[in-house]
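Single-structure report; data block below.
The values are calculated or read from the model by the stated rules, or taken from the named source; none is laboratory data. Please read these numbers as outputs of a predicted model, since none were measured by experiment. Note that each Cβ is placed from the backbone with ideal geometry, even for glycine, and that neighbours are counted across all protein chains shown.
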Amino acid sequence: MVEISEGIRRVTFPLPWQLDHVHAYLLEADDGWVVVDAGLGTPDAREQWSRALSELAEPVSRIVITHFHPDHIGGTGHLVELTGAPVSQSAIDHETACSVWGEEDWALRLAAWYRNHGLSAALADEVIEEAAKLRANVLWPRTPELIHPGDRLKAAGEDWEVVPMPGHADGQIVLLGVQTGRMIAADHVLATISPNIGLHPESGKDPLGDYLTSLQRTIALAPSIAFCGHHHPIEDPVGRAEELRHHHHERLETTIAALGRETLSAYEVSLRLFGAELPTHGRRFAVAETLAHLVRLEIDEQIVRVEADSGVQWNHA
Ligand SMILES: [Zn+2]
């Protein structure tokens, strides 16, 4: 555990993926510590939480979950067991968590969705297998206290406002320090990689459109520093938000170029955008990210969707 800013500590957990770590943050409040995000719910992470919590003189008074992704929500069960603290989550995010982690047939629905977007049955089966494995380490909160945009809490010497930043996840929230402009940014902006913006079976209609709006909101709010879910803090969040906007506008152009004059599935377009050599989870995110760009282009009337027997395909408008 390191003190990363006045009144804010950070704990970093290893992840068994290509993205090999995730950060949780602890904010010192009058009535104890506010923990933001819980890591993945592995037995090792529980051990690590137990050691980290033993370093704190005060108890944990609240657990805030920024979004339902396994590496942020998965360890909530461990944290609740260890601290007895209440959990806060946005209403939209809780709904998504219920439909992803709470429904037994989620992995099957996921595989059917990917097959409809061009994945082979064999690859879709691998998606199911990975999704099933993941669930064992996702100890998500069944009855969180719902938090809403504009809600505030006091910690680390200032007021923190709940700000919705949909895109990476529909219900993702960040916390903005009202007095200093510090932001606990979750995966909304990351320093060294572009956060995955994907269309998934459970997402809203236009995740990339939402994300571009959230980046605009970030630029308008002008945070002084962003503490993110992965990698190092961002010293110039406005500059980074502008870079990410530029990246996605460029990516939209590349997506149109990759489609050319052909009629292709999202999977086929993803091979052109991301190459053929990806592990299963990497391919899953590549197809979802490609789809987010394709539907943005569709809404913009630059391409059209073709519903064929074999599944969904896309071509030039
Ligand atoms: Zn995430």
- Find the strands (runs of 3 or more DSSP E) located wholly in the stretch 1-102 whose residues include 1 or more that are hydrophobic (A, V, I, L, M, F, W, C), touching a helix residue (DSSP H, G or I) at 6+ places or on another chain (Cβ under 8 Å) and modelled with pLDDT under 95, and list them. none
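Scan the stretch 49-86 for residues that are surrounded by fewer than 17 Cβ atoms within 10 Å (Cβ to Cβ) and either free of Cβ contacts under 8 Å to residues at least 40 places away in the same chain or on the phi > 0 side of the Ramachandran plot (or both) and jot them down.
Initially, the stretch 49-86 is screened for residues surrounded by fewer than 17 Cβ atoms within 10 Å (Cβ to Cβ), giving 50-51, 54-59, 81-82, 84, 86.
Listed by number, the residues that qualify are SER50, ARG51, SER54, LEU56, ALA57, GLU58, PRO59, GLU81, LEU82, GLY84.
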- Examine the stretch 106-115 for a residue that is aromatic (Phe, Trp, Tyr), surrounded by 13 or more Cβ atoms within 10 Å (Cβ to Cβ) and either touching a strand residue (DSSP E or B) at 6+ places or on another chain (Cβ under 7 Å) or in a loop (DSSP other than H, G, I, E, B) (or both), and state whether such a residue exists. no
- Note on the structure: GLU202 fails exactly one of (1) within 13 Å of the ligand (Cβ to nearest atom); (2) modelled with pLDDT under 95, namely (1)
- Sole miss for ALA169 among (1) within 12 Å of the ligand (Cβ to nearest atom); (2) closer than 16 Å to GLU243 by Cα; (3) touching a helix residue (DSSP H, G or I) at 6+ places or on another chain (Cβ under 7 Å) is condition (2)
- Item | Those residues of the stretch 172-199 which are in contact (Cβ under 8 Å) with a residue 60 or more places away in the chain, within 16 Å of the ligand (Cβ to nearest atom), buried (at least 19 other Cβ atoms within 10 Å of the Cβ) and not polar (S, T, N, Q), in sequence order | ILE173, VAL174, LEU175, ILE184, ALA186, ASP187, ILE197, GLY198, LEU199
- Just checking, how many residues over the stretch 259-310 are among the hydroxyl-bearing types (Ser, Thr, Tyr) and over 23 Å from ALA169 (Cβ atoms)? 3
